[in-house]
Amino acid sequence: MSSGANGTGPATARPAGESVSLAVDGLVAGYGGVVALDGVTVTADPAGITAVLGANGAGKTTLLRAVSGMIRPRRGRILLADHDVAGRSPEQIVRAGIAHVPEGQGVIPELTVEENLRIGMMSWRRGRRADRVAALEEEYARFKPLADRRRKPASTLSGGERQMLVIARALLARPRVLLLDEPSLGLAPRVMAQVMDLVVRLSREHGLTIVLVEQNARGALAIADHGVVFNLGRVVASADASTLAADVALRHHYLGF
Amino acid sequence: MVEFLQFTLSGISFGMIYAAIALSLVLIWRGTRLLNFAQGGMAMLTTYIAIEVIYKTHSYWAGFVVALAAGLVLGAASELTVIRPTTGKPELNAVIVTIGLLILFEGLAGIFFGGTYRSFPAAFSITGLRVGGTPIGVSRFDVFVVAAVLLTTLILAVVFRYTTAGLRMRAAAFNATIARLSGIRVARVLTVGWALAGLLGALAGVLVTPSTFLYPNSMDAIFVLGFTAAVIGGLDSPAGAVVGGLLLGVALSYVGGYLGSNVTSLFALGILVAVLMVRPGGLFAGARLRRV
């Protein structure tokens, strides 16, 4: 089940109905003696956008790191469709269909734009050269500014272009679930809106299941289907995005708007 | 004038050997931010292996090939057995482990091969070539040294630049987090880096030893010079390592030729200190100096 979409078929064929859910169940994880996630349960619906909100240190980034295998969960399950991937290595998890775009510094400035993108295809088990070229061209078509700069060092890109690059790289892994950590951080408001638009299109048009970690709670809830609020490593609220956005007390208390 | 040419050419030949050691240090430094103090010890061991194979088979090339293969294996085995367990520990741990490895290798060499000085054959004649009756300061073997290191460096450069395996290694070196999240097995890439470093060290060992002797500490001085070359070029830059090696080789050749060979080590040390004081990122560091 994990191999089908990961690099054999032509790049443009993303079969409909492939969307899967991601469910984290009773997850405990941390660093050394610190418990950053203390029994967290979150469900991201297929092809939906789930916003994960909360203050700094609430455990949002740790959630993504545990799901993508960068840290090993101490307890709990991570279900991709109905397949438990908890405790697997990052390379196994990306092959299973979960791509993680970490916060900031996701671009490797020493490499060219195209080299950065090719890294996204490192998880492909097979894949003929023509498939790889087609997959790259598909991203270049989606992100025109990258196409014009493909041979340039990634260090020459603007903030918005860098965010395009890291999302394009994640898409090249052919994921079914996309974990985005603060994609709007440090971007100008107009660029931020473009990134949010892109996130919406990826879920609506491509059926990607998206987990969106954001400090910008207002912006995230505006595009999300579902919202989860973290505080000190626990889930304190989980509801429809519109319900959360309408909850004045919760907003003041945890979301700062 | 003839003298100047002789010093330059023989400096280039030695410089290529320093470049090979420098390159091996850069390979490991880029992957793990670790200076491998055992690099010279590894080269010494593989050169002993070469000498034994040559003695048994009477074939220089059998020894040459076995030495390079042994370098690959020794590099990978060192990473897998003693360096890997230091992952996630304080950085100093790995540094001390490489010093321990050096002591271990030199001890093992003493036990198995004895402490006596042994001479090592050259692949080609070491008699100086002459142009129109004038010796030009280099032998056929020197030409082989330059060609062997240049070819190896070029192959590595092409592999790093133009192949997927090379991109995987560069990605892992520049940003291990991104590499892992993209499905690259970073640990395996590091093992390959150590193996390649072992190979370069082995190459340097068989190339330099005909000019010196082989004994358990025989690579210590070469290691220091290779390290100096790497620092001159900037520890992050493979191209810098080669240029640094050449600059150092030629400079030391002039110093040895005009001022006497007893001041060359002092001069090398002076260069090392001067570069570290004036341009700690190396002569080829761009604007992006790492500051801690």
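Readers should treat all values here as calculations from the given coordinates under stated rules, not as data from a laboratory. This structure is a prediction, so every number in the text was calculated from the model and none was measured. No Cβ is skipped: glycine too gets one built from the backbone with ideal geometry, and neighbour counts run over all protein chains shown.
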The range B:32-77 shape via C-alpha gyration tensor axes, a/c threshold 1.5: prolate
Simple spin-label estimate for B:Arg161 and B:Ala77 in nanometres, 7 Å along Cα-Cβ: 3.5 nm
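Evaluate the charge dipole of the protein assembly as shown about its Cα centre and quote only its size in Debye, nearest 20, assuming +1 on the Cβ of each Lys and Arg and -1 on the Cβ of each Asp and Glu.
440 debye
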In degrees, nearest ten, helix B:140-162 long axis to first principal axis of chain B (Cα): 20 degrees
Debye intensity ratio in log₁₀ form over the Cα atoms of the protein assembly as shown, taken at each q of 0.05 Å⁻¹: -0.27
A:Leu111 long-range amide H proximity, modeled H, under 5 Å: A:Ala154
Kyte-Doolittle mean at least -1.0, axial Cα span of 18 Å or more - DSSP H helices of chain A: A:129-142, A:159-172, A:189-204
Helix axis angle, B:264-278 relative to chain B longest principal axis, alpha carbon, degrees: 40 degrees
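When A:His100, A:His83, A:His206, B:His58 are ordered from fewest to most other Cβ atoms inside 10 Å of their Cβ, what list results?
Working: A:His100 28, A:His83 13, A:His206 16, B:His58 9.
Arranged by neighbour count, lowest to highest, A:His100, A:His83, A:His206, B:His58 become B:His58, A:His83, A:His206, A:His100.
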Relative pair counts by distance (%), Cα atoms of chain A, 10 Å bins: 7, 32, 37, 20, 4, 0
Shape of the range A:59-126, Cα gyration tensor, a/c cut at 1.5: oblate
Hz values of 3J(HN,Hα) by residue in the range B:7-14 - Karplus curve (6.51, -1.76, 1.60), Gly and Pro given as x: 4, 4, 5, 6, x, 5, 4, 5
Calculated log₁₀ intensity ratio I(q)/I(0) where the Debye formula runs over C-alpha points of the range A:165-239, q = 0.14 Å⁻¹: -0.46
Reachable lysines, given that their alpha-carbon falls under 20 Å from the alpha-carbon of A:Lys144 and they are not under 8 places away in the same chain: A:Lys152
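Normalised by the number of residues in the range A:82-157, what is the relative contact order in percent for Cα pairs under 8 Å and 6+ residues apart? Walk me through the numbers on the way to the answer.
Numbers: 40 pairs, mean separation 33.1, N = 76.
Rounded, it is 44 percent for the range A:82-157.
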